[in-house]
1. Counting other beta carbons within 10 Å of each Cβ, put B:19, B:70 in order, fewest first.
2. Using the count of nearby Cβ atoms within 10 Å as a rough guide to exposure, how do A:46, B:91 rank from fewest to most?
3. Determine the distance separating the Cα centre of segment B:64-131 from the Cα centre of segment B:10-49; give it in Å without decimals.
4. What's the exposure ranking of B:69, B:153, A:188, going from fewest to most Cβ atoms within 10 Å?
5. Rg/Rh for segment A:1-79: what does it come to with C-alpha atoms and Rh from Kirkwood?
6. Please compute the average number of Cβ atoms from other chains found within 10 Å of each residue's Cβ in peptide B:151-158.
7. What is the Cα convex hull volume of chain B when expressed per residue in Å³?
8. In degrees, nearest 10, range 0 to 90: what is the angle between the Cα axis of helix B:139-152 and the longest Cα principal axis of chain B?
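Each value in this text was obtained by applying a stated rule to the coordinates, not by laboratory testing. A quick note: this is a predicted structure, and the numbers were derived from the prediction, not measured. Because the Cβ atoms are built from the backbone with ideal geometry, glycine has one as well, and the counts that use them run over all protein chains shown.
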């Protein structure tokens, strides 16, 4: 955990690609948000495209990570068949499909009453699973828009990608859109 | 270009080559069989592999056998690393909770509470079929919620299912899992029993079919693909 924090500290305000083995994703999420919310007291947005935001929220609660400064944008709850849980700090969109995510998600973030003004970080979790819902051309377009529309001096944009070796085109695209890649090693996540 | 499935090594020699390198991750897999076919050994070997790979495992035992006795009887297997007990592999007595609790939501909450604390990549519920007897009409909905949530917690889960020798697998569970492995035995012509493993279902996976010979020895559970 200390090594990951050091890497994150050194790359504050940059576009950061976190690559990891899928089995480590839960811990990466907790470590990253524990650092940003608990240590740096930053304010941020978590974009959920892999599972309903409630799972991350519950995990963070159990792991003692404060969430007062975290806003969830959830692109998957409407597809999950689980009971929809609305909360003040969460907004649902209709699905991580190409036509939806490009327009609705970014519009909600950038036009929503100045919500983005004092946001220190945006965390997209995760790029690889988006391939289940859109083709690579659409994903490339989305990531480009994500970076262009959300970049701001001092703001950290983080996106995770799992199993990069299995998705070389997506990995190459992600590398083009980031300032730095942090390749998470399993041993960094051990307590 | 679709997302390729991640895979998790099963820990069972011979099995991964039968299913494109391992279990999909995340997924839920039913390992069904009658008494003595090796379900619990299989499940422990799966968790032991995870411990070797630096992953965290969580073993929920229901009303089948107390953990102390289960561990005592399996401690002789070569794949068991006792240093992992209570650390990389954690044991939870779900059975004790089930003696007084029948509310499916509270049972799910109990399971999820442990999952969020431990953050396992591998989970075993041994056996899940006990819950059917306790939950009755709520069982199918419970299984649906359970398997959905287990995958959203980003783990691969083995659910063991007890069946009678004449029954291949518990039907209620079969509909909602991603994979079904059936463990069975036949009386050999020369006497004794031959044990088998069959992959009935593994979503997203080009897997071998038919029964394949199984050996359970001090080395643990081994499949011999192609040998019938």
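1. On the way: B:19 21, B:70 17.
By the 10 Å Cβ count, ascending: B:70, B:19.
2. Working: A:46 27, B:91 18.
Going from least to most buried by this count: B:91, A:46.
3. 16
4. On the way: B:69 9, B:153 23, A:188 20.
Starting with the residue having the fewest Cβ neighbours, the order is B:69, A:188, B:153.
5. Values: Rg = 12.5 Å, Rh = 13.2 Å.
Radius of gyration relative to Kirkwood radius: 0.94.
6. Details: counts 1, 9, 5, 12, 2, 1, 0, 0.
Mean partner-chain Cβ count within 10 Å for B:151-158: 4.
7. Values: hull volume 28.5 nm³, N = 228.
Spread over its residues, the Cα hull of chain B gives 125 Å³ apiece.
8. It works out to around 90 degrees.
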